[in-house]
Amino acid sequence: MAAARDLKAMETVDADVDAVELAKRHLVQPWPFAGSVGAEARALIGEGEGIYITDASGKRLIDGPAGMWCINVGHRREELAKVMYDQAMALSYNTPWYTMNAPSAELAMRIAGHAPGDLSHVFFTTGGSSAVETALRFMQFYNNVRGRPEKKQILSRGGAYHGSTYLSASLNGRPRDRDWMDGADELVVKLSSPDPFRRPQGMSIEAFADFLVDQFRDTVARVGADRIGAFVGEPVQASGGVIVPPDGYLKRIREICRENGILFVSDEVVTGFGRLGHVFASGEMFGIDPDMITFAKGVTSGYFPLGGVIISERILQELRRSNHPDALFGHGLTYTSHPIGCAVALKNLDILEESVLAHTREVAPYFQAQLKTLEELPLVGEVRGMGLMGCVECVADRESKDPLKLDKDVGKRIDAHCHELGLLVRPLINMCVMSPPLIISREQIDDMVAILREGISRTMDDLRKEGVWRG
């Protein structure tokens with residue numbers, strides 16, 4: 001045993017053992033396949049600056065996914081690094097169980113100032129999954145205190161992605177997320193994805209919106225409003241392929257929730273903090289005032305793990321007026337309200353408010369228009385998006401919209417070509433998702449789209465040569 005420990009210690013300091021080999025020996029990657037779990041290395045990134053990252057070979061790449069939807073103000077912002085240092089030197093940590101820190105209180109106030117409706121109180125978490133988990137557990141607590149222990153069912157949708165903790169992952173609506181994983185299936189009812197591209201053939205978008213709303217209303221009637229605690233939905237389904245719902249759909253769902261005492265939880269882990277040009281998209285872009293909003297990612301632009309839930313003042317007042325003042329919301333995290341994370345988020349919010357939000361609103365129409373030109377390519381079924389979120393969906397043919405006749409790794413093929421050409425893409429089976437840092441310029445958008453066009457063109461050539469696709 002001692003010899004094994006000595007060998008492990010030597011590996012960490014042996015200059016001949018590079019990060020790739022160390023990863024294969026010791027690092028378990030997220031979302032691994034059983035055949036390679038614990039023995040896998042992925043593309044090694046060395047550094048970043050602005051909208052660019054540099055891989056292990058020294059190749060400079062446009063960071064198309066902005067990390068994971070999160071590097072909103074760009075890489076290597078010295079002011080954010082300085083805030084981390086300054087806060088760590090002042091107070092690196094305090095227990096949230098019986099103490100608090102000033103950055104968290106100020107950040108809660110500023111976030112509440114941007115939230116729609118009466119959302120005025122913030123519970124901080126470590127990321128998006130724990131934010132959604134917190135919202136769900138708070139819904140359960142709320143209904144228990146109010147004497148409605150049976151009101152716990154959760155409505156979610158196909159195509160949804162809400163996290164990787166047990167409860168949050170139970171809401172996910174992508175089949176591959178759950179093929180081999182367990183979940184709290186008895187608590188979740190799945191509805192159709194609000195994906196206009198996949199609506200029934202011959203159905204108008206307006207009729208599709210009516211179908212979705214009728215399905216929601218019918219589900220509430222079938223399951224029972226007295227059993228449904230919450231609806232959880234992303235304003236734009238991000239990892240589901242940047243699904244922008246039909247106009248007015250979310251407002252109509254919000255009204256049904258209000259009429260039936262169902263908490264509306266808007267999952268803005270991706271859309272929040274500038275991705276659609278505003279700190280929150282729920283009110284500004286979709287005209288809704290949820291009961292809770294979950295956020296993470298862009299709140300610190302990925303410089304520090306932080307997330308949270310904004311909660312309606314009405315809900316908190318109802319709890320304070322209840323007959324159970326001693327009821328305990330037994331939920332918290334070691335790093336809840338972390339002082340460094342909150343300090344970074346405050347400076348990040350300064351940067352967003354000073355110029356980045358306005359810049360995003362200014363360049364977003366150009367970004368969407370330039371991406372839309374890729375529909376000229378026969379492999380592309382649809383280009384869709386909103387703000388600085390975009391998706392290119394590839395199909396075997398535009399009539400059937402069938403992605404299954406293609407190589408299932410067509411997204412990875414495109415990403416590989418784009419990597420060679422200077423762009424990192426987020427591949428999702430037959431889709432390529434783009435969500436660049438919000439500081440991207442028009443010229444950089446041109447570069448990104450030109451590379452993506454060439455990457456798709458090279459993939460079309462590959463598929464033709466292999467006889468996989470004839471387009």
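Every read-out reported here was derived from the displayed coordinates using simple, explicitly stated rules and does not represent laboratory data. For clarity, every value in this text was computed on a predicted model and none was experimentally measured. Virtual Cβ from ideal backbone geometry, glycine too; neighbours counted across all protein chains shown.
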*Enumerate the helices in the chain for which the Kyte-Doolittle hydropathy averages -1.0 or more and the C-alpha atoms extend at least 15 Å along the helix's axis, using complete DSSP H runs.*
2-13, 78-90, 102-114, 128-145, 205-223, 249-259, 339-351, 357-372, 410-421, 442-465
*Considering the dipole of the chain built from charges on the beta carbon (Lys and Arg +1, Asp and Glu -1) around the Cα centre, which of Leu438, Gly387, Ala358 is farthest to its positive end?*
Gly387
*asked:* I'd like to know which of Val37, Leu80, Tyr249 lies farthest towards the positive end of the charge dipole of the chain, counting +1 on Cβ of Lys and Arg and -1 on Cβ of Asp and Glu.
replied: Tyr249
*Please find the FRET efficiency linking Asp402 to Arg222, where r is the Cβ-Cβ separation and R0 is fixed at 22 Å, and quote it to the nearest 0.05.*
0.10
*For the chain: relative contact order, % (alpha-carbon pairs under 8 angstrom, 6 or more apart)*: 20
*asked:* Per 0.36 nm of contour for each residue apart, how much would the distance between Ala34 and Glu318 grow if the chain were fully extended, relative to their Cα-Cα spacing?
replied: 97.5 nm
*About the Cα centre, charge dipole magnitude for the range 79-352 (Lys/Arg +1, Asp/Glu -1 at Cβ), debye*: 220
*asked:* Give me the dipole magnitude in Debye, nearest 20, for the range 22-94 about the Cα centre, with unit charges on the beta carbon: positive for Lys and Arg, negative for Asp and Glu.
replied: 260
*Which chymotrypsin sites (Phe, Trp or Tyr not before Pro) from the range 102-150 combine a DSSP loop assignment with at most 15 other Cβ atoms within 10 Å?*
none
*If you take every DSSP beta bridge whose two residues both sit in the chain, what share of them, in percent to the nearest 5, is antiparallel?*
65
_Give me the tail of P(r) for the range 79-352 as a percent: Cα-Cα pairs with distance above 30 Å._
28
*asked:* Largest first and in whole Å, what are the equivalent-ellipsoid semi-axes of the chain based on the Cα gyration tensor, each being the root of 5 times an eigenvalue?
replied: 34, 30, 23
_Relative contact order (%) - the range 79-352, alpha-carbon pairs under 8 angstrom, separation at least six_ = 31
*Taking R0 as 41 Å, what's the FRET efficiency between Met89 and Leu22 from their Cβ-Cβ distance, rounded to 0.05?*
0.85
_Name the residue from Leu22, Gly202, Asn348 whose Cα lies farthest towards the positive end of the charge dipole of the chain, charges +1 on Cβ of Lys and Arg and -1 on Cβ of Asp and Glu._
Gly202
*asked:* Helix-only estimate, please: 222 nm mean residue ellipticity of the chain, summing -39500 (n - 2.57) across DSSP H runs of length 4 or more and dividing by its residues, to the nearest 500.
replied: -12000 deg cm²/dmol
*Kindly state, to the nearest 0.05, the FRET efficiency for Ala102 paired with Ile45, given R0 = 30 Å and r defined as their beta-carbon distance.*
0.30
*What is the Cα radius of gyration of the range 109-172 over 2.2 N^0.38 Å, N being its residue count?*
1.25
*Dipole magnitude of the chain, debye to nearest 20 (Cβ charges: Lys/Arg +1, Asp/Glu -1, about Cα centre)*: 900
